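Presented below is the structure to which this report refers.
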Amino acid sequence: MERDILGYKCRKCGHVQYPYRTRCRGCGHVEWNGVDIVYDTVPLPKNGKLLTFTHLYALPSDFEAVNISLGIVELEGGNRITGQLKIKDPKIGMKVFGKVEVVRREEYKKYWGMVFYAEGA
Amino acid sequence: MRDVYVIGIGITSFTRLEYPLAEIAAYPAVQAMQDAKLDKVDHMFVANMGAGRVNRQTGLASAVIDHLCLQPAGAETIENGPASGASAIKAAYMAIASGMHDTVLAVGAERMNEVNSLEATDFVSTLSHPMAEAIYGVTLPSLAGMFTRLYMHKYGVTARHLAMVAIKNHANAMHNPFAHVRNLITMDGILDSVDAPTNNPIIADPLRFFDVCPVSDGGCALVLASEEVAKKSGRPMIKLAGVGQATDTHAVHDRPDPTELTAVKLAAAQALKMAKKTPQDVNVAELHDAFTILEIVESEEVGFFKKGEGHLALERGETQIGGKIPINTSGGLKAKGHPVGATGVAQAHEIVTQLRGEAHKRQVKGAKVGFTCNFGGFGNNVVCLVFTRE
Ligand SMILES: [Zn+2]
């Protein structure tokens, strides 16, 4: 099954926000269903344009790699997302596509997040 | 609101300190009280970010008040990330301006070296967005690296400009006896020579080792007072004339233009407006150069230079001592050091020292208006202060 990163669509103004917030960043609306706050969830697009990136060599202590690449991507539809890059020679403005993969492990726990590849790779 | 003055200052060395956190807070507090010629205060705020996690101590302000034998004075710990220090000063300002208290200690302290540098980086990384940033391995240097790359792309800042910030601030720190790093660096040593890549390895490209501040221990304290107490003290009248604060999105990617530090711009404008000053009135400034790029960009957002031109002013030497607007005469976070919770207080300490005319070899001649920018998270919570000499 293909995994997705979810955006949160406001039931009043239709703004899709990522990451999740208690109030809608578009209009300030909060919708309660009596128990919880509700949004319509929508899968974020996976294609986009690389806005900026870095190769990080001073890694958090639980990473075993020598370095990781991180970037901010402007997704189709306008949302932005921070993710890991698996791109040999990234360039600002290049087209990329994302896959949801395990991005971090802490003992038995796995974290899933967006990993971007060069379009056509 | 009543006017508020700084009448006492104290600071520890920012090197590795081998005594407990509460003492790192208490020693400069004693110095500040002695400087103010007071043996008690009405209240104390202690700025700190890591005690609960790094030092496994909570309720720090209560421990510090006990060291100082200031009971039953009220005391609170203030945690606002790397902007905790200026937030403690702001709290002291509000307490005195409101008329609630006449004398307040604003203290900042951090003991980062109780853990190794990996754990210190992990600890500071907890500032990032837990779901949208931290899970990917995002650290503060990586946010700064992405920011720097975009800034270089847009405005033509180069690795050379970044190195110029580091070289200047290291040179300033040579004249600051409390600074963490006291050695001169050169363009040859960190960028041009064959040894440069070894001396100055990549941390989060394009940022290298000498673009990033060290992990420091240290404490700093100010005594703030009402006008009446300040006049009676006989100490120089250094007024805390402006206080500004602004916040921005938690995840950096969410900002409409990720090359803008909007919270810096807004907090600076607020503080200057309150002090009835313009950026051009400022004689000396301490900016939050946790990464070299930040000194350049903050100098633009505050309004010292036009957007995209901070690196050109740096090139012309305008931010050196003797230049148009000397920045980070203390050595900045880069060389003075960055004991996180203490930093905002230490920035104010440098400005008060400058306005008193007591900065010796790093003195900015005739300085009357000073400015500080204390930058929390990656720009999501910023506190700016303006000090004037009367
Ligand atoms: Zn909405």
What is the one condition in (1) at the interface with chain B (Cβ under 8 Å from one of its Cβ atoms); (2) at pLDDT below 95 that A:Ile92 does not satisfy? (2)
Looking for whichever is within 18 Å of the chain's Cα centre (by Cα) and within 14 Å of another protein chain (Cβ to nearest Cβ) here; the options are B:Pro177, B:Pro197, B:Pro214. Which one fits? B:Pro214
Which of the helices (runs of 4 or more DSSP H) found entirely inside the stretch B:271-390 contain at least 2 residues meeting this: farther than 27 Å from B:Ile7 by Cα? B:292-301, B:310-315
Give the residue that is farthest from the ligand (Cβ to nearest atom), with candidates limited to residues of the stretch A:1-10 that are within 13 Å of chain B (Cβ to nearest Cβ) and open to solvent by 50 Å² or more (accessible area, probe 1.4 Å). A:Leu6
Since A:Cys13 meets every condition but one in (1) within 14 Å of chain B (Cβ to nearest Cβ); (2) within 12 Å of the ligand (Cβ to nearest atom), which condition does it not meet? (1)
Please go through the stretch A:67-85 and pick out each residue that is at the interface with another protein chain (Cβ under 10 Å from one of its Cβ atoms), closer than 14 Å to A:Pro19 by Cα and small (Gly, Ala, Ser). A:Gly83
Residue match in the stretch A:26-37 (condition: closer than 22 Å to B:Glu133 by Cβ and surrounded by 20 or more Cβ atoms within 10 Å (Cβ to Cβ)): no
Within the stretch A:59-90, track down each residue that is open to solvent by less than 40 Å² (accessible area, probe 1.4 Å) and over 14 Å from B:Pro258 (Cβ atoms). A:Leu59, A:Pro60, A:Phe63, A:Ile68, A:Ser69, A:Leu75, A:Gly83, A:Gln84, A:Leu85, A:Ile87, A:Pro90
Across (1) open to solvent by 10 Å² or more (accessible area, probe 1.4 Å); (2) more than 22 Å from B:Thr158 (Cβ to Cβ), B:Ala267 clears everything bar (1)
Mind listing whichever residues of the stretch A:16-55 are within 16 Å of the ligand (Cβ to nearest atom), touching a residue at least 24 places away in the same chain (Cβ under 8 Å), within 11 Å of chain B (Cβ to nearest Cβ) and over 13 Å from the mean Cα position of the chain (by Cα)? none
What helices (runs of 4 or more DSSP H), lying completely within the stretch B:57-169, carry at least 2 residues that are free of Cβ contacts under 8 Å to residues at least 24 places away in the same chain? B:60-67, B:117-125
Those residues that are over 15 Å from B:Ile325 (Cβ atoms) and open to solvent by 20 Å² or more (accessible area, probe 1.4 Å), I need them from the stretch B:364-389; list them, please. B:Asn380, B:Asn381, B:Arg389
Here are some conditions: (1) free of Cβ contacts under 8 Å to residues at least 12 places away in the same chain; (2) open to solvent by 10 Å² or more (accessible area, probe 1.4 Å). B:Pro214 meets all but one. Which one does it not meet? (1)
Among the residues that make up the stretch B:271-278, is at least one of them open to solvent by 10 Å² or more (accessible area, probe 1.4 Å), out of contact with any Lys or Arg (no Cβ under 8 Å at 6 or more places or on another chain) and closer than 28 Å to B:Ile24 by Cβ? no
Those residues that are under 13 Å from the mean Cα position of the chain (by Cα) and either open to solvent by 10 Å² or more (accessible area, probe 1.4 Å) or farther than 10 Å from B:Ala86 by Cα (or both), I need them from the stretch B:344-363; list them, please. B:His349, B:Glu350, B:Ile351
Taking into account only those residues within the stretch B:217-265 that are charged (D, E, K, R) and closer than 20 Å to B:Lys276 by Cβ, which is nearest to the chain's Cα centre (by Cα)? B:Lys265
Restricting attention to the stretch B:99-132, which residues are farther than 20 Å from B:Gly50 by Cα, facing chain A (nearest Cβ under 10 Å) and open to solvent by less than 40 Å² (accessible area, probe 1.4 Å)? B:Ala132
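The values are calculated or read from the model by the stated rules, or taken from the named source; none is laboratory data. Bear in mind the structure is a predicted one, so any value in this text is a computation, not a measurement. FYI the Cβ positions are ideal-geometry reconstructions off the backbone, even for glycines, and counts take in every protein chain you see. Protein only, heavy atoms only, side chains kept; ligands, DNA and RNA dropped before computing areas. Shrake-Rupley method; radii C 1.70, N 1.55, O 1.52, S 1.80 Å.
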